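Scroll down for the structure; my scribbles are underneath it.
The values are calculated or read from the model by the stated rules, or taken from the named source; none is laboratory data. In this text, all values refer to a predicted model and were calculated from it rather than measured experimentally. So basically every Cβ, Gly included, is an ideal-geometry build from the backbone, and we count neighbours across all protein chains shown. With ligands, DNA and RNA removed, areas are computed over all heavy atoms of the protein, side chains included. Shrake-Rupley method; radii C 1.70, N 1.55, O 1.52, S 1.80 Å.
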Amino acid sequence: MRSYLVGASILGVALTALAADAPSTSGIDLKAMDTSIAPCENFYQYACGGWKKANPIPADQSRWGRFQELKERNLEMERTILEKASHPSANRTEVEQKIGDYYASCMDEKGIEAAGLRPIRRMLDAIAGLQSKKDLTAEVSRLHEDGVDAFFGFFARPDQKDSAIEIANVGQGGLGLPDRDYYLKTEPRFAELRKQYEETVGKMLGMLGGRGYDAAAVMRIETALAKASLDRVALRNPDNTYHKMTVAELEALSPEFDFHQYLARVPKFGSLNVSEPDFVKGMNAVIAASSLEDLKTYLVWHVLASYAELLPKAYRDAAFAFYGKTLRGQKEQQVRWKQCVNATDDALGDALGEKFVEAAFSGTSKQRALALVGEIEKSMAKDIEEAHWMTSATKDQALTKLHRVTNKIGYPDKWKNYSSVKIERGDYFGNSVRAAKFEIRRNLAKIGKATDKSEWGMTPPTVNAYYSPPMNNINFPAGILQPPFYNPKADDAVNLGAIGVVIGHELTHGFDDQGRRFDGKGNLRDWWTAADAKAFEERAECFVKEYEGFSPVPGVHLNGKLTLGENAADNGGIHLAYMALLRALEKQMLTKADGFTPQQRFFLGFAQIWCENSTEESARLRAMTDPHSPGEFRVNGVVRNMRAFREAFSCKAGEPMVPANSCRIW
Ligand SMILES: [Zn+2]
């Protein structure tokens, strides 16, 4: 599932509890602009320069933009809900008891200190007690049930070639650094990061006391797993991760790890998908080559790394020093209440989401959002019909797929029932692990069953949106259907530039480098003629080259192939929203407002959702791992490709926002 910052509806999805933050009449944030620079020189700076200057990165963030601003507002609302629910009272509902006591247990730092390492002692003792490598399978199985990430992932998801059915999947995993490339790159920066990571591993293992652990063993095992892993660009092609096989075939890949025994805990099935067979072989090789002591050390580290947030402050601080400060440039940890709101959202997202929606999402919002989605879909149909580079055979298939896209707005039709999850005040660790186990069991229970397309991959307060290829649906949580994405006080031009582009972005994902490989039923199937596929690839290559030219940090360039799908969605999404604007202008003449034409307001509304500041560390991390381009290039990379932009701001050939070549798929 791929997510993306995108947003919601136009005709009025908004949350009335929040005031629109635009001081102007149209909805453009005039204070955010920097009019000392010309729009054709650097449109991002023109639209966002004032905002960037006035909004330095808070010490508890590594990146600060309009998404994070809105997320903070949502956190405040959730805090109010959770503090009220955490007061013990006889008339709390079951949902209020769960979320209130979960939050209270997280806020109980004294209790967490007093518990010390007791909650993980049982796991540490079990690992210490392993007698031979034959015991490894049972231990990894227990750790996976408790939510510890070790060696590989095991989960249910729709069969990519028969998406109506959920199947079991084995996928690469087991790393402590953010990406395989962190283990393999030879530049001094990465050698230094590896040294600091190994020191963190050594320090945290040392805090357990008792016998010494060898942090170098963790590095050896993880480096071997990294070498056997596919990189992020290879992972974008779903053909690379589809390898359906029998359990016997999986067992043959890894004689050192007893998958037959591992799978005994789930109902029997005939075949499963092994996303990366070479990874499983690599895992087998590293288990064969490692001593039992080294394997134990690796497992102990993964217990610590998985649970550091639930342990006493010394462990949280040690983990933050590396993962927050060193990797992201974040100066301080978030205050406790923010950590605990986020933790409750992670653990009991539907329960907190139910209360959030009651407080923040009005009854008419869904209908208004759907109306806007309908407008953008109309644009997409027209855009496909008019694509001169595509033959009618492929166009027919594309339109069939488009008409099968379903829309989910705000929140799920039915909430998850957490009644079987015991939540107790004073047991934060237990609460968190029980909630994680509930999710893991719920997921594995799907194996062999029909796919439930009504299920959501994000919780309602989330400031984001996504397209799901196997479900062929676009999803907009309530959290993003608010200003500045959708602003009921702003005019249509501004809202189409903001939330309209977000909707267009998600819809275009169905037809990007990944999405185009799935059909309208969500199945991995090639519905393209060879010539049309070639034309698509050539057009895509234009974006790859364009974005590779962008540099977020001196010496670092964006990965054009990693960011291709998102860049294609950004570029396509804005065209779809712009087509909707032109139709709106035919019906109703919009005049100048705040000194800008409707077309100019559209582009400003679009650009201003991407205003952001980022630490250098975070920009580097995202250039390696994030399929999304940074805000600056999401704006300038897109408007450079649009004739409508040049016309709106009277840009001339040779100006920076008017390149010699422009790229276009959708
Ligand atoms: Zn996206």
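A few comments on the model shown:
- Test: residue in the stretch 618-641 that is in contact with a Lys or Arg (Cβ under 8 Å, 6 or more places away or on another chain) and surrounded by fewer than 18 Cβ atoms within 10 Å (Cβ to Cβ): yes
- Arg368 meets the stated requirement of being open to solvent by 60 Å² or more (accessible area, probe 1.4 Å) and either in the same structural domain as Glu506 (by TED's automatic domain parsing) or more than 23 Å from the chain's Cα centre (by Cα) (or both).
- Looking across the stretch 496-525, the residues that are in a loop (DSSP other than H, G, I, E, B) and within 15 Å of the ligand (Cβ to nearest atom) come down to Gly510, Phe511, Asp512, Asp513, Gln514.
- Single match in Ala531, Ala493 (criterion: in contact with a Lys or Arg (Cβ under 7 Å, 6 or more places away or on another chain) and more than 16 Å from the ligand (Cβ to nearest atom)): Ala493
- Helices (runs of 4 or more DSSP H) contained entirely in the stretch 547-630, each with at least 3 residues that are of a type outside the set (Asp, Glu) and within 16 Å of the ligand (Cβ to nearest atom): 564-587
- When the stretch 643-666 is filtered for residues that are loosely packed, with under 13 Cβ neighbours inside 10 Å, among the charged types (D, E, K, R) and in contact (Cβ under 8 Å) with a residue 40 or more places away in the chain, the ones remaining, listed by number, are Glu647, Lys652.
- Each residue in the stretch 466-486 was checked for being more than 14 Å from the ligand (Cβ to nearest atom), of a type in the set (S, T, N, Q) and either buried (at least 24 other Cβ atoms within 10 Å of the Cβ) or farther than 14 Å from Lys408 by Cβ (or both), and 1 of them qualify.
- Hey, Ser306 at pLDDT 95 or above, hydroxyl-bearing (Ser, Thr, Tyr) and more than 30 Å from Gly430 (Cβ to Cβ) or not: no
- Residues that are outside any helix (DSSP H, G or I) and among the β-branched types (Val, Ile, Thr) within the stretch 359-409 comprise Thr364, Thr391, Val405, Thr406, Ile409, listed in sequence order.
- Test: Glu385 is assigned by TED's automatic domain parsing to the domain that holds Leu576 and either out of contact with any strand residue (DSSP E or B) (no Cβ under 7 Å at 6 or more places or on another chain) or open to solvent by 60 Å² or more (accessible area, probe 1.4 Å) (or both): yes
- Residue-level check: of (1) part of a helix (DSSP H, G or I); (2) surrounded by 20 or more Cβ atoms within 10 Å (Cβ to Cβ), Glu293 misses just (2).
- The listed residue being open to solvent by 50 Å² or more (accessible area, probe 1.4 Å), more than 16 Å from the ligand (Cβ to nearest atom) and in contact with a strand residue (DSSP E or B) (Cβ under 6 Å, 6 or more places away or on another chain), out of Lys414, Lys422, Lys449, Lys437: Lys449
- Residue selected from the stretch 33-59 under the condition under 23 Å from Asp626 (Cβ atoms) and open to solvent by 20 Å² or more (accessible area, probe 1.4 Å), by the criterion farthest from the chain's Cα centre (by Cα): Asn42
- The stretch 87-130 - residue that is free of Cβ contacts under 8 Å to residues at least 12 places away in the same chain and within 30 Å of Gln261 (Cβ to Cβ) and, of those, most open to solvent (accessible area, probe 1.4 Å): Arg118
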